[in-house]
1. In whole Å, largest first, what are the principal axis extents of the Cα atoms in segment 141-243?
2. Which whole-number percentage describes the relative contact order of segment 373-441, with Cα contacts under 8 Å and a sequence gap of 6 or more?
3. Restricting to the chain, what percent of DSSP beta bridges are antiparallel, rounded to 5?
4. With +1 on each Lys and Arg Cβ and -1 on each Asp and Glu Cβ, and nothing else charged, work out how big the dipole of segment 336-432 is about its Cα centre, in Debye to the nearest 20.
5. With every protein chain present, what is the per residue accessible area of segment 35-121 (1.4 Å probe, Å²)?
6. How about the chain: what cysteines have no other cysteine beta carbon under 4.7 Å from their own?
7. How big is the chain in terms of Cα radius of gyration and Dmax, in angstroms?
8. Working out 0.36 nm times the residue gap between Ala167 and Arg406, then minus their Cα-Cα distance, what length gain in nm do you get to one decimal?
Amino acid sequence: MNRLAHETSPYLLQHAGNPVDWLPWGDEAFARARAEDKPLLVSIGYSACHWCHVMERESFEDEATARMMNDHFVCVKVDREERPDVDAVYMDAVVALSGQGGWPMTVFVTPDGEPFFGGTYYPPEPRHGMPAFQQVLGAVAGAYRDRREDVAQQAAVLVEALRQGAAKEPSTEPLTTGLLDDAIGALRSQFDPQWGGFGYAPKFPPASAIEFLLRRGEFEPALGTLDGMAAGGMCDLVGGGFHRYSVDRQWLVPHFEKMLYDNALLVPAYLHAWVLTGTAGYRRIVEDTVEYVLRELALEGGGLASAQDADTDGVEGLTFTWTADELAAAIGSGREALLQPFEHGRSVLRGRLTDEERDALFAARELRPKPFRDDKAIASWNGLMLAALAEAGRRLDRDDWVDAARALAEFLLGPLSAGGRLHRTWRDGVAKGTGYLEDYA
């Protein structure tokens, strides 16, 4: 076991048994890097991230790769949900270096904390134009050993670029309604009239844009997007709630992790669509999503868990997908049109289910292993769900939801505010970290 065994983050604990000599983010890691004259390898991810698990299996559990990491670097693991400040700085650095970001994120940092090289996922062997992770490790270690001045210069250039990017000058332009009109024009130009959403693939749930459009009376792109997301695939027709994003235009094949914050933001979006249109389907989505959150994410000590994993037993989407035989066993034959191909002979469900079919499929699915749940409570995400529960409970006359909102508020102002200030996370009775601006908001 490495030093991550003493952490509370489920993501960090998942890596506690790696042969990599991981340290948590903190002064000790930087002190060791200075004492040993080594760069830091900072690996950032989160527990529900599919590709984070892939890179762990391929590289961090591999003895030879771990030996290279331990010999040449001080290795640091960061849960991006626990430390959004660290993630934000190094994500900007990786985007500046490579033009794209994502997780898992791999950043090489000087003992002074300055990034000088980085990327996202690296495979164990060269693939699709990407170098093997061991090749990256060897090249970076060699550069730090033999070309220290080049490394220092690269770090200085990158840090200056980050500094300039963070130095936002206030605009002198007046705030006018024309800005809102321009925003609507931009959203309309990107709207996908066939499937809903904005742009092409991948598609993430644009809850805030939908809320803005509804308030401006722009129903076509707002409702078209809500309808597209609710059709199935991105939306869990059987158990309620939404997966994190769709890999295609159609909102059909998702990355299967379910995040508290997505569902907390989509509840009011569908709720307000119901308020404005009276469409029963939008109310049903609200009910299904809230019931999913309260059923699957409620924690014994109070609060709501952060996420459910994309994988079950190492297979992406295993809990949420179906074979033709499994579907027929649950609801009978003749409903194969519900099945849309995914991977490994399994399919996602898309279409309309009767209440009886939904109940039967849910009962069958409850017999399966469930994906890992990240059971740390995050203040900001719980705050979003508190707002969703309170408003949905009031508008839909659901006193039980209002009670759940009240209990969530008591949790945020109680265990998560131990010592008179708001903390970022809570798990197993331990409140940890200083609350950030988004947590207080």
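The values are calculated or read from the model by the stated rules, or taken from the named source; none is laboratory data. Keep in mind the model is a prediction, meaning the values are calculated, not measured. Reconstructed Cβ throughout: ideal geometry from the backbone, glycine too, with neighbour counts over all protein chains shown. The accessibility values were calculated without ligands, DNA or RNA, using every heavy atom of the protein model including side chains. Shrake-Rupley method; radii C 1.70, N 1.55, O 1.52, S 1.80 Å.
1. Dimensions of segment 141-243 along the principal axes of its Cα atoms: 58, 45, 22 Å.
2. Details: 87 pairs, mean separation 23.9, N = 69.
Computed value for segment 373-441: 35 percent relative contact order.
3. On the way: 32 of 40 bridges.
Close to 80 percent.
4. Working: 17 positive and 16 negative charges, 115 e Å.
Taking the Cα centre of segment 336-432 as origin, the dipole is about 560 debye.
5. On the way: 2880 Å² over 87 residues.
With all protein chains present, segment 35-121 gives 33 Å² per residue.
6. Lone cysteines by the Cβ rule: Cys75, Cys235.
7. 23.2, 69
8. Values: separation 239, 0.36 × 239 = 86.04 nm, distance 3.97 nm.
Contour length minus Cα-Cα distance gives 82.1 nm.
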